[in-house]
1. Check Arg220 against each of (1) of a type outside the set (A, V, I, L, M, F, W, C); (2) within 22 Å of Gly154 (Cα to Cα); (3) modelled with pLDDT of 90 or more and name the one condition it does not meet.
2. Which one is nearest to Ala237 (Cα to Cα) among residues in the stretch 182-201 that are open to solvent by less than 40 Å² (accessible area, probe 1.4 Å) and β-branched (Val, Ile, Thr)?
3. Limited to the stretch 123-179, what total is found for residues that are among the charged types (D, E, K, R), free of Cβ contacts under 8 Å to residues at least 40 places away in the same chain and closer than 13 Å to Leu209 by Cα?
4. Run down Val134, Val149 and say which single residue is within 25 Å of Thr216 (Cα to Cα), hydrophobic (A, V, I, L, M, F, W, C) and either open to solvent by 30 Å² or more (accessible area, probe 1.4 Å) or at pLDDT 90 or above (or both).
5. Find all pairs meeting these conditions: Cβ atoms under 8 angstrom apart; at least six residues apart or on different chains; first residue within the stretch 266-278 and part of a helix (DSSP H, G or I); second residue open to solvent by 60 Å² or more (accessible area, probe 1.4 Å).
6. Condition check: within 20 Å of the chain's Cα centre (by Cα), charged (D, E, K, R) and over 30 Å from Arg44 (Cβ atoms). Does Arg172 satisfy that?
7. Do we find a residue being without any contact (Cβ under 8 Å) to a residue 60 or more places away in the chain, closer than 23 Å to Leu131 by Cα and open to solvent by 50 Å² or more (accessible area, probe 1.4 Å) anywhere in the stretch 220-242?
8. Taking strands (runs of 3 or more DSSP E) that do not extend beyond the stretch 17-126, which have at least 2 residues that are surrounded by fewer than 15 Cβ atoms within 10 Å (Cβ to Cβ) and either more than 22 Å from the chain's Cα centre (by Cα) or modelled with pLDDT of 90 or more (or both)?
Amino acid sequence: MPEIPPGLVDGDMRVAFIVKLGQALHRYGTPTHRLEHGMDLVMRKLGLAGQFFATPTGIFASFGPPEEQRTALIRVEPSESDLEKLARLDELVNQVIRGEMTVTQGLYRIEAIIATRDRYGPLMSTFCFALGSVMFARFLGGGWRELLVTGLIGTLLGGLAIVMGRRENTLRVLEPVAGVVSAATAVVLAQWLHPLSIYIATLSSLIVLVPGLTVTIAIRELATRNLVAGTARLTGAVLVFFQLGFGVALGWQVARVLPTGALFTAVEPLPSWTVGLA
């Protein structure tokens, strides 16, 4: 529960609520145009004048008429994707706009949403890493060897993501490390499971880390003329692609110290009905 100082007046409480709500929406992946529009509606409902400006790394909230504005600057990290918490925050915004929730109740609800534990634990998350990778390998035309290797690498990367995600410093280098691990593992396993397409195995195992939602949000922001936020977010996504590519290129260098038979590209196809299963 948030501690609310007893000396706050009603106007200060509303400002605190709006700042907290904007920070939470940004944290869990709301596109800039939706965030700014939602905050504008909430401020109008609460009887406040002001403006809201968001970027992938910061939020500016100004309250009051232009000649008497006071501005809050919130430094934030690029948003993470948590669609469950985002949906709950969206519902909270709608309840405030409809007048079904007070500011004090909203502050408590935001803290409760943020404090909610992840629905799925490490084992299920790791399993889904592997499952998603295996299914994508089938979409790319992989055979049973590719699916097996992809599942092993996906499991390894799922565990790696959980371990490295516990610290901010290690989380920042997850993509290049994952690229190295996936490519090197595929090359090594190709020595015993051949013919094996290391390209399908490597790409499929990394599909979970591809920033597809980030690219989608960035394009939408550019389309809605939020050029600063869209350009910054798209640049961040491109950087992730570069990190993954660098890691893969480095991991494939393992083939230089192995016999020349490591790189097989032939694939033994699976029955067509397995595509529907995938």
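1. All conditions are met except number (2).
2. Ile200
3. Total meeting the criteria: 1.
4. Val134
5. Pairs found: Val275/Phe139.
6. Judged against the criteria, Arg172 is a match.
7. yes
8. Because the criterion is at least 2 residues that are surrounded by fewer than 15 Cβ atoms within 10 Å (Cβ to Cβ) and either more than 22 Å from the chain's Cα centre (by Cα) or modelled with pLDDT of 90 or more (or both), the strands (runs of 3 or more DSSP E) in the stretch 17-126 that meet it are 70-75.
The values are calculated or read from the model by the stated rules, or taken from the named source; none is laboratory data. Computed from a predicted structure; not experimentally measured. Neighbour counts run over all protein chains shown; Cβ positions are idealised from the backbone, glycine included. These area figures cover heavy atoms from the full protein model, side chains too; ligands, DNA and RNA do not enter into them. Shrake-Rupley method; radii C 1.70, N 1.55, O 1.52, S 1.80 Å.
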